[in-house]
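The values are calculated or read from the model by the stated rules, or taken from the named source; none is laboratory data. The model shown is predicted, which means the values in this text are computed figures rather than measured ones. For neighbour counting, all protein chains shown are included, and Cβ atoms are generated from backbone atoms with ideal geometry for every residue, glycine included. We work out accessible area using only protein heavy atoms, side chains counted, and drop any ligands, DNA or RNA first. Shrake-Rupley method; radii C 1.70, N 1.55, O 1.52, S 1.80 Å.
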Amino acid sequence: MAELADVQRARRDPGLVVLEGFHAVKHAVRFGAELLGVWTADAAELDALAARLAPDIALAPTIVDERELTAVVPRAQVVALARRPRQPDPDGILALPGPE
């Protein structure tokens, strides 16, 4: 499991992605993201958002102090760290046969 302090370093890691805000986290989960950590300063608000906008999403965030969270992500109520999905090789895509 990742720590909130890992988020800044993760921004420079091509194998990871930082998700800022509920909608980014929601969509990542719906598309099968592997979350390595989720943090919020307001679990009740996050639960309310999930209940209203995405009842199919279950998050288990680590609760952190608001100052810790805003030091990493100034304007988001939730931040998550996920493993970046493997991207297809561009040369391999271009070598595929086109439509006939």
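Annotations for the structure displayed:
- Selection from the range 77-100 of residues that are acidic (Asp, Glu) and farther than 30 Å from Gly21 by Cα: Asp91, Glu100
- Of all residues in the range 69-100, those satisfying the criterion of being within 19 Å of Lys26 (Cα to Cα) and open to solvent by less than 80 Å² (accessible area, probe 1.4 Å) are Leu69, Val73, Ala76, Val78, Val79, Ala80, Leu81, Ala82.
Table: residues versus (1) closer than 12 Å to Val79 by Cβ; (2) open to solvent by 70 Å² or more (accessible area, probe 1.4 Å); (3) not β-branched (Val, Ile, Thr).
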site: Asp6; (1), (2), (3): yes, no, yes
site: Ala10; (1), (2), (3): yes, no, yes
site: Val17; (1), (2), (3): yes, no, no
site: Ala24; (1), (2), (3): yes, no, yes
site: Leu35; (1), (2), (3): yes, no, yes
site: Ala48; (1), (2), (3): no, no, yes
site: Leu59; (1), (2), (3): yes, no, yes
site: Thr62; (1), (2), (3): yes, no, no
site: Arg67; (1), (2), (3): no, yes, yes
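- When the range 71-93 is filtered for residues that are touching a residue at least 12 places away in the same chain (Cβ under 8 Å) and either of a type outside the set (Lys, Arg) or over 25 Å from Leu49 (Cα atoms) (or both), the ones remaining, listed by number, are Val72, Val73, Ala76, Gln77, Val78, Val79, Ala80, Leu81, Ala82, Pro85.
- Residues of the range 6-21 that are under 16 Å from Val64 (Cα atoms) and free of Cβ contacts under 8 Å to residues at least 60 places away in the same chain: Glu20, Gly21.
- Residue match in the range 2-11 (condition: part of a strand (DSSP E or B) and of a type outside the set (Asp, Glu)): no
- Flag if Ala54 is open to solvent by less than 100 Å² (accessible area, probe 1.4 Å) and closer than 19 Å to Met1 by Cα: no
- Restricting the first member to the range 48-70 and to residues that are in contact (Cβ under 8 Å) with a residue 60 or more places away in the chain, and the second to residues that are surrounded by 11 or more Cβ atoms within 10 Å (Cβ to Cβ) and among the small types (Gly, Ala, Ser), the beta-carbon pairs closer than 8 Å and six or more apart or on different chains are Val64/Ala41; Glu68/Ala41; Leu69/Ala41; Leu69/Ala76.
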